[in-house]
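Enquirer: Sharing a structure, written as structure tokens. Questions coming.
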Amino acid sequence: MKVLILFTSSELGGAERSLTKMARAATYSTPNVEYFIGALDGDGAWSEWAHGIGMTPFLFGKRQRRHGRFGMLAILNAIRFVRERNINIVYVIGFRSAVLLRMLRWCMPCVKLVQGIRWNPDSTSRLDVWFRRIEKYAHRMIDGYVTNSTAAYRTLQQLGIPSSKLATAYNGLDAIPFSLDVTAKPSLVVITVANLNYRKGYEPYLHAISKVVNVIPDVKFIFLGRDDLGGIIQSKIQSMDLTKWVTYAGFQQDVSPFLKASSLMVLPSLYCEGCPTSIMEAMSFGLPIVAYAIDGIPELVESGKEGLLVEQVGNVDFLADSIVAVLGNAELRERLSVAARSKAETTFSITNCCKSHEQYWNRLIYRTAQLAAYNGK
């Protein structure tokens with residue numbers, strides 16, 4: 001069975017990292033599935049990173065000024081690749097590209113088209129509103145959906161999409177740090193791994209930080225991620241006099257050294273999360289998690305066990321209180337760290353991710369074979 005994982009963008013985000021690592025791990029975990037990876041735009045951080053881990057990405061378009069921009073020629077190049085390589089399943093990551101490919105299904109008559117839903121599309125954002133309007137009717141033109149959280153699965157069900165078309169496959173980690181003493185983290189360093197954009201909640205997060213540093217003045221905060229806001233967050237850090245406590249380290253291909261040196265992970269996202277790989281990675285380094293209890297996050301973190309989750313989304317006072325509670329109590333921090341590390345070791349396996357996808361691919365192909373046999377009678 002041949003599967004093309006088709007990304008819209010060649011930027012290196014959580015979806016690109018997790019699914020590319022899954023494709024690499026599938027060589028050993030699920031050898032009956034051969035994965036190809038490609039993007040509809042040109043060279044970028046993802047394609048460079050993919051080459052670095054021994055993968056061969058296919059780039060079907062040319063890089064535009066902004067990442068994720070592509071033309072019809074890129075779509076046609078991808079379709080030609082699918083036909084030439086006899087691809088069985090196109091696993092497309094990106095709403096707009098998934099809609100366009102549906103319109104061109106006649107070019108790939110024997111191919112199954114599956115859309116990867118990497119977030120929970122239940123917010124009032126423009127993207128989510130349009131997603132729900134279109135998918136409510138256009139789901140008949142696609143063969144299936146793979147979500148990375150049960151929260152997103154339920155959202156799709158509410159649109160009237162039948163369960164037979166749906167599957168959930170959590171992200172997985174391809175490596176767990178060895179010989180890690182999760183109790184040996186005396187420094188108070190709080191890390192956030194997320195691109196700088198509005199839905200990640202960085203601006204209100206700064207207000208929570210200003211409250212935390214008044215209680216724990218020796219704490220340090222580090223932000224890692226691509227800047228999608230053109231320096232707005234950096235300017236806010238300066239205008240709020242937080243430069244002593246907050247460092248923006250930019251995009252990092254390898255976040256491991258930062259995680260190893262940190263004692264707490266905070267993800268201040270306000271909406272549209274699925275199954276954040278950054279949380280899994282942080283837990284594998286024994287970091288407790290503080291976040292809002294949105295979307296798929298409670299599926300990864302049990303509040304009071306591996307971290308603290310804030311039910312009141314956007315409440316910076318409660319967010320600050322949770323951060324202070326973890327940083328100010330070494331015994332609590334150690335207990336959460338041990339539990340986070342243990343859960344990462346036992347639950348967040350890239351092998352499970354591979355097998356969940358393979359089971360769904362087999363279900364799709366088997367269902368088609370059954371239907372063909374029935375129609376032939």
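Enquirer: Rounded to two decimals, what is the ratio between the C-alpha radius of gyration of the chain and 2.2 N^0.38 Å?
Expert: 1.01
Enquirer: For E48, E16, E203, E135, what's the largest-to-smallest order of accessible area, 1.4 Å probe?
Expert: E48, E203, E16, E135
Enquirer: So what does D218 come to for accessible area, using a 1.4 Å probe and Å² rounded to 10?
Expert: Looks like 100 Å² after rounding.
Enquirer: From the protein chains alone at 1.4 Å, what is the descending order of accessible area for V193, V313, largest first?
Expert: Reading off the accessible areas and sorting them downward yields V313, V193.
Enquirer: Based only on Cα atoms, what mean projected area does the convex hull of the range 111-217 have, in nm²?
Expert: Taking the Cα atoms of the range 111-217, their convex hull projects to 10.7 nm² on average.
Enquirer: Over the Cα atoms of the range 216-362, what Rg and Dmax result, in angstrom?
Expert: Rg, Dmax (Cα atoms, Å): 16.2, 56.
Enquirer: Still on this structure, please answer the following. Over all Cα pairs of the range 24-89, how is the pair count split among 10 Å bins, expressed in % and running from 0 up to the last occupied bin?
Expert: For the range 24-89, the binned pair fractions read 20, 44, 31, 5 percent.
Enquirer: Here are some pairs, K112/K355; K21/K355; K260/K355; K62/K112; K21/K220; which of them have Cα atoms lying more than 22 Å apart in this structure?
Expert: Checking Cα-Cα distances, K260/K355; K62/K112; K21/K220 exceed 22 Å.
Enquirer: When the Debye formula is applied to the Cα atoms of the range 167-254, each taken as the same point scatterer, what base-10 log of I(q)/I(0) results at q = 0.13, 0.22, 0.25 Å⁻¹?
Expert: For the range 167-254, the Cα-only Debye profile gives -0.55, -1.12, -1.27.
Enquirer: Which helices pass in the chain if a helix is a full DSSP H run, must span at least 15 angstrom along its long axis by Cα, and must have mean Kyte-Doolittle hydropathy not below 1.6?
Expert: Those that clear 15 Å and a mean of 1.6 are 316-327.
Enquirer: Using amide H atoms built in the peptide plane, which far-off residues or other-chain residues are under 5 Å from R226 H to H?
Expert: N195, L196
Enquirer: Pick out, from I279, I142, L300, the residue whose Cα sits farthest towards the positive end of the charge dipole of the chain, with +1 on the Cβ of Lys and Arg and -1 on the Cβ of Asp and Glu.
Expert: Positive-end residue among those listed: I142.
Enquirer: Please report the carbon-and-sulfur percent of the accessible area for the chain; probe 1.4 Å, protein heavy atoms only, DNA, RNA and ligands left out.
Expert: Here it works out to 52 percent.
Enquirer: Sticking with this structure for a sec: Show that you can apply the helix-only estimate: for the chain, add -39,500 (n - 2.57) for every DSSP H stretch of four or more residues, divide by all residues, and state [θ] at 222 nm to the nearest 500.
Expert: After summing the helix terms and dividing by the residues of the chain, the value is -13500 deg cm²/dmol.
Enquirer: Looking only at M240, M22, M265, which one moves most when the chain is put into a Gaussian network model with springs between Cα atoms under 10 Å?
Expert: Its mean-square fluctuation being the largest, the pick is M240.
Enquirer: Then there is this: Put +1 on the Cβ of each Lys and Arg and -1 on the Cβ of each Asp and Glu in the chain; which of F221, S123, A339 then has its Cα farthest toward the positive end of the dipole?
Expert: About the Cα centre, the residue reaching furthest to the positive side is S123.
Enquirer: For the range 43-151, what are the per-bin percents of Cα-Cα distances with bins 5 Å wide, up to the bin holding the maximum?
Expert: Reading upward from the zero bin: 2, 10, 18, 21, 21, 16, 9, 2, 0.
Enquirer: Leaving out ligands and nucleic acids, note down the accessible area per residue over the chain with a 1.4 angstrom probe, in whole Å².
Expert: 44
The values are calculated or read from the model by the stated rules, or taken from the named source; none is laboratory data. Since this is a predicted model, take the numbers as computed values, not measurements. No Cβ is skipped: glycine too gets one built from the backbone with ideal geometry, and neighbour counts run over all protein chains shown. These area figures cover heavy atoms from the full protein model, side chains too; ligands, DNA and RNA do not enter into them. Shrake-Rupley method; radii C 1.70, N 1.55, O 1.52, S 1.80 Å.
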